[in-house]
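Input: a single structure, listed below in structure tokens.
Bear in mind these aren't lab numbers, they're just calculated from the coordinates by the rules spelled out. Given the structure is predicted, the values throughout are model-derived calculations rather than measurements. For neighbour counting, all protein chains shown are included, and Cβ atoms are generated from backbone atoms with ideal geometry for every residue, glycine included.
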Amino acid sequence: MKERSRVVRHRRTMKRQLASRRNIPGRRRPKGPTAKAPEPSLNAVWKSGYQAGRSAPEDRALAAQHARLAWREHWQSISGNFGNYVAAMQAGKAYMQGYVQGAGFPVDIVPLPLHHSAAAVVCACNEEGTLGKVMAQLKRLPLKDIIVVLNGTTDDSLDLVLAESGITLVYEPDRAGHDVGRALGAKMTEAEAILFVDGDMVLPAEQLAPFLYAVDRGSDVALNDLNSLLPPFARQDDVSRIKAYLNRTLGRPDLGSNSLTAVPHALSRKMVLTVKPESLAVPPKAQAMAIRHGLSVTAPHQVDVIRSNRLRTTNTGSGNEVAGLIIGDHLEAIAAWMASAEHGPDSRMLSRAEVAYRRNAR
């Protein structure tokens, strides 16, 4: 009995202490609109996906298209609740989980919510071993066009592409290079966002989606952010250094060594029309033109293409052929920048004496 009395008194004491803490003078509890709003419910999104999946076509190819259209329609009604890429993709994942449950079979698409049309350009030369997988990943994205540019191909890549449905083929018998291929591919679509990938690099569609999302939400150039993968400047190769030097020259040191020479990246239709598609044949020059015209250049996502890049005799070893080409392209971009109206002969250059004076005056 005494033990029970002590327990009761202990509980009463704890209640009084908690009550006194709630009533500390000057401490205000949030009320009404000042209180933190609850997170949007993903359960409701799942239920909507489930209902849509109940009416999915039995044909799985048609079901993928049905799911994509249903998700796009639902997204328009909830987009205000999911304001960033991560939240939007979480909502899309919940929707597709519900859709698959309702349909009773898997539907393999990436529920990327885009407001505008999108396309992809794939450049390839003798990539029959990987090209089919690259196209399969792109088909998981909500793309209006998938354009494959084959140049100088001598293997079975051509037959592989011709056997695929929903692909636009650009065939160049002679080897023109990936950069020229991107320029050709960009002319073949009127989509508002264009993703560029290479046929020798199989990347999950989930890794490609952030670049399209960034352009869809206002970026004109969405670069692959490779900066954190590079060693300190003293141990970087000449290619990484010339990329960083160009960005500093352009007044964008925040971009580091990020460049249009690296895939994947995405461009807006506005950017392509502003710099002209043919300028994409020299990627650093196109990047410089985009910055000079005040376009939005960002690096929203990182895909490690350094370790996964296919090694060839032309891109390995000191002073290799590819490195020489990239360095030459960057020097051309710097020369074009310096010769432009804002930075041409008419602009005043500081003398060595003036530079030394300003440095020593700090």
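Ser165 label point, 7 Å along Cα→Cβ, cut-off 16 Å on backbone N: hits in segment 104-142?
108, 136, 139-140
At what distance in nm do the modelled label points of Ser340 and Tyr245 sit from each other, each positioned 7 Å from its Cα along Cα→Cβ?
Taking the two extended label points, one gets 1.9 nm.
Compute the FRET efficiency between Asp254 and His293 as 1/(1 + (r/R0)^6), taking r as their Cβ-Cβ distance and R0 = 22 Å, and round to the nearest 0.05.
0.75
Would segment 182-229 count as rounded, prolate or oblate if I go by the C-alpha gyration tensor, calling it rounded below 1.5 in a/c and otherwise prolate when a/b exceeds b/c, oblate otherwise? Could the numbers behind the result be given before it?
Working: a/c = 1.72, a/b = 1.20, b/c = 1.43.
Judged from the Cα gyration tensor, segment 182-229 comes out oblate (a/c at least 1.5, b/c at or above a/b).
If you line up the Cα atoms of segment 118-339 on their principal axes, what length do they span on each, largest first, in Å?
The Cα atoms of segment 118-339 stretch 46, 39, 31 Å along their principal axes.
What is the distance, in nm, between label points placed 7 Å from the Cα along the Cα-to-Cβ direction at Ser55 and at His115?
Placing both labels 7 Å beyond Cα along the Cβ direction yields 2.7 nm.
Quick check on my link table: of Lys133/Lys243; Lys93/Lys270; Lys47/Lys133; Lys93/Lys285; Lys144/Lys276; Lys133/Lys285, which ones sit more than 28 Å apart, alpha carbon to alpha carbon? All intermediate terms of the calculation are to be shown ahead of the outcome.
Working: Lys133/Lys243 30 Å; Lys93/Lys270 30 Å; Lys47/Lys133 32 Å; Lys93/Lys285 38 Å; Lys144/Lys276 21 Å; Lys133/Lys285 31 Å.
Over 28 Å apart, Cα to Cα: Lys133/Lys243; Lys93/Lys270; Lys47/Lys133; Lys93/Lys285; Lys133/Lys285.
What is the distance, in nm, between label points placed 7 Å from the Cα along the Cα-to-Cβ direction at Arg72 and at Ala87?
Each label point is offset 7 Å from its Cα along the Cβ direction, giving 2.4 nm.
Going by how many other beta carbons lie within 10 Å of each one, how would you line up Ile147, Ile194, fewest first? Please report the intermediate quantities before stating the final value.
Numbers: Ile147 26, Ile194 32.
Fewest to most other Cβ atoms nearby, the residues stand as Ile147, Ile194.
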